[in-house]
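To start, the structure under review is shown below, and the notes come after it.
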Amino acid sequence: MAEEHKIGDYVKGKKFGSFEHDFEGEIEKVYENSVLIHILSFDPEDRILVGELNNRAIVRKDDAQPAKPAKVKAE
C-alpha cells in the first residue's frame, strides 16, 4: 500500500467474486481506492468470466500487487 499505483503498471490481482484464481494485467485507470485492470494473464478456468468482463476488473488498491509480466501464452 505504500507505493502509488500508476497507469501502465503491471500488477497481480487477487481472486474475488466468481474468479477461481488470481490474474495479472495492466492498470488502465486509477480511482481513489481501487484500480481498473486490463486482464492480460489468467487461468483457463476463468476464461468465460474474463470474457464476460471484457478483460477488465476493478480491484481494491491493496489487492493489486506489483508483478512482472509473464511470457505471452499462446492459445
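Values computed for the structure shown
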read-out	value
Net length gained if the chain between ILE58 and HIS21 were fully extended (0.36 nm per residue, minus Cα distance)	11.8 nm
Over the chain: Kirkwood hydrodynamic radius from C-alpha pairwise inverse distances, Å	12.3
Local electrostatic count, LYS14, Cβ distance below 15 Å [Lys/Arg +1, Asp/Glu -1]	-3
Estimated 222 nm signal from helices in the chain, with DSSP H stretches of n ≥ 4 weighted -39500 (n - 2.57), rounded to 500	-2000 deg cm²/dmol
Whichever aspartates and glutamates have a C-alpha closer than 20 Å to that of LYS29, once near sequence neighbours (fewer than 8 apart) are set aside	GLU3, GLU4, ASP9, GLU52, ASP62, ASP63
Size of charge dipole - the chain - debye, nearest 20, with Cβ of Lys, Arg +1 and Asp, Glu -1, no other charges	120
Peptides ranked, highest mean first, by Cβ atoms within 10 Å: ranges 38-44, 4-10	38-44, 4-10
Choice from ILE37, ILE48, ILE58 showing the highest fluctuation, given a GNM over the chain with Cα pairs closer than 10 Å	ILE48
Backbone HN-Hα couplings from phi across segment 8-19 [Karplus 6.51/-1.76/1.60, Hz, Gly and Pro as x]	x, 5, 9, 9, 9, x, 6, 4, 7, x, 7, 5
Extension gain, GLN65 back to ILE7 (0.36 nm per residue minus Cα-Cα distance, nm)	19.5 nm
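Bear in mind that the values in this text are calculations on the coordinates, not laboratory data. What you are looking at is a predicted structure, and each value in this text was computed from that prediction instead of being measured. A quick note on method: Cβ atoms are made from the backbone with ideal geometry, for glycine too, and the neighbour counts reach across all protein chains shown.
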